[in-house]
Amino acid sequence: PMDQYDFVAIGDIVTDAFIRLADPHIHANVDRENRELCMSFGDKIPYEDVYVVPAVGNSPNAAVSAARLGLKTALVTNLGGDFFGKECLDALVKNGVSTEFVKTHPGIKTNYHYVLWYQDDRTILIKHEKYPYEMPDIRNPKWIYLSSLGEHSLEFHDALAKYLEDHPDVKLAFQPGTFQMKFGTERMATFYKRSEIFFCNKEESQRILGTEEGDIKKLLAGIHDLGPKIVVITDGPVGAYAFADGKYWFMRPYPDPKPPLQRTGAGDAFSSTVTVALALGKELPEALRWGPVNSMSVVQGIGAQAGLLDRARLEGYLAQAPEDYQPKEL
């Protein structure tokens with residue numbers, strides 16, 4: 001346990017219950033343009049099946065991704081002292097993620113989310129339990145991957161900011177969650193300025209910047225002005241965009257072998273895999289080629305982790321990639 005880690009992910013852990021909705025033409029109305037899922041109030045709504053997936057969440061997904069790709073990985077998170085907490089702990093161990101920094105709290109529930117799954121997309125009902133967040137002694141990992149934490153985590157963020165100030169050689173990847181975006185760029189300024197690489201999707205970039213601007217270059221530059229060295233903005237099935245060292249890049253998706261089963265975890269797979277590639281010494285253009293491969297694989301399975309690849313399989317997909325599967329400078 002006194003060894004140094006390559007990759008320490010920090011963020012809340014959750015069990016996801018995927019509830020696959022029945023035929024929406026009969027039981028629900030979906031308005032994709034206005035991002036609405038409507039069901040009859042007070043009715044009994046049939047569903048097709050339910051799948052329970054433990055030990056997920058942005059940071060746990062990133063930790064499993066890094067571990068499968070060969071990095072010595074640990075997770076900083078909090079669990080309840082219940083059945084679901086034990087199940088999450090067992091899942092982390094099974095996936096090769098160190099639980100040295102996982103804290104179990106008797107008398108508190110483990111985070112449990114409900115994923116309403118229709119076709120290839122999902123709506124998630126979330127609740128973050130109120131844990132007494134504490135910054136453990138993580139020593140000197142090469143990379144920290146920071147993502148979603150609950151609304152009661154501000155003091156923890158302050159302790160983490162102090163840690164980053166005291167450990168300037170530790171590189172930070174920042175993929176803000178809901179509450180980290182709500183805290184605002186001023187309150188979270190340390191993490192933007194300290195980020196080696198920053199990830200969000202297009203809608204999140206607009207929310208962070210408080211703008212309706214649609215020009216991706218302006219959004220990338222706006223986030224870059226907050227401090228990150230490398231900014232990556234994803235745009236779902238369109239692809240991903242990056243800005244670093246004065247250059248703008250676009251990276252297309254890796255071709256899906258068949259239509260996606262569901263998209264939960266695709267963003268986490270992309271962001272964590274790009275970070276792992278950088279941690280392994282790859283340059284940004286090559287790292288951008290790595291990310292979509294794991295996203296492609298994840299959307300073929302149920303949940304955010306089943307499809308995460310090991311390095312040999314990921315490199316196998318890269319070897320089979322079409323000739324035009326390359327980042328393009330914009």
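The values are calculated or read from the model by the stated rules, or taken from the named source; none is laboratory data. Bear in mind that the values here come from a model prediction, so they are computed numbers and not experimental data. Don't worry about glycine lacking a Cβ; one is built from the backbone with ideal geometry, like all the others, and counts go over all protein chains shown. The protein model used for the area step is the full one, side chains on, heavy atoms only, and it has no ligands, DNA or RNA in it. Shrake-Rupley method; radii C 1.70, N 1.55, O 1.52, S 1.80 Å.
When region 191-215 is examined, which residues are found to be without any contact (Cβ under 8 Å) to a residue 60 or more places away in the chain and among the hydrophobic types (A, V, I, L, M, F, W, C)? Result: Phe191, Phe198, Cys200, Ile208, Leu209.
Residues in region 68-83: is at least one under 19 Å from the mean Cα position of the chain (by Cα), within 24 Å of Phe18 (Cβ to Cβ) and of a type in the set (Gly, Ala, Ser)? Within region 68-83, none of the residues are under 19 Å from the mean Cα position of the chain (by Cα), within 24 Å of Phe18 (Cβ to Cβ) and of a type in the set (Gly, Ala, Ser). Taking the numbered list (1) open to solvent by 80 Å² or more (accessible area, probe 1.4 Å); (2) in contact with a Lys or Arg (Cβ under 9 Å, 6 or more places away or on another chain) in turn, Asn140 passes all entries but (2).
Can you confirm whether region 26-33 contains a residue that is at negative phi, β-branched (Val, Ile, Thr), modelled with pLDDT under 90 and in a strand (DSSP E or B)? Yes - at least one qualifying residue is present in region 26-33.
Close Cβ contacts (under 8 Å, 6 or more residues apart or on different chains) running from residues in region 138-164 that are without any contact (Cβ under 8 Å) to a residue 40 or more places away in the chain to residues that are assigned to a helix (DSSP H, G or I) and loosely packed, with under 15 Cβ neighbours inside 10 Å comprise Glu151/Lys182.
The residues of region 45-100 that are touching a His at 6+ places or on another chain (Cβ under 7 Å) and either surrounded by fewer than 24 Cβ atoms within 10 Å (Cβ to Cβ) or within 18 Å of Gly267 (Cβ to Cβ) (or both), listed by number, are Ile45, Pro46, Gly80, Gly81. For region 283-324, the set of residues classified as among the basic types (Lys, Arg) and either open to solvent by less than 10 Å² (accessible area, probe 1.4 Å) or farther than 26 Å from Pro54 by Cβ (or both) consists of Arg289 only. The set of residues in region 157-205 that are open to solvent by 50 Å² or more (accessible area, probe 1.4 Å), under 13 Å from Leu226 (Cβ atoms), touching a Leu at 6+ places or on another chain (Cβ under 9 Å) and not β-branched (Val, Ile, Thr) comprises Arg187, Lys193, Arg194. Lys218 satisfies every condition listed in (1) open to solvent by 60 Å² or more (accessible area, probe 1.4 Å); (2) closer than 22 Å to Leu75 by Cβ except (2). Here Phe7 passes the criteria (1) out of contact with any strand residue (DSSP E or B) (no Cβ under 8 Å at 6 or more places or on another chain); (2) buried (at least 24 other Cβ atoms within 10 Å of the Cβ); (3) among the aromatic types (Phe, Trp, Tyr) except the one numbered (1).
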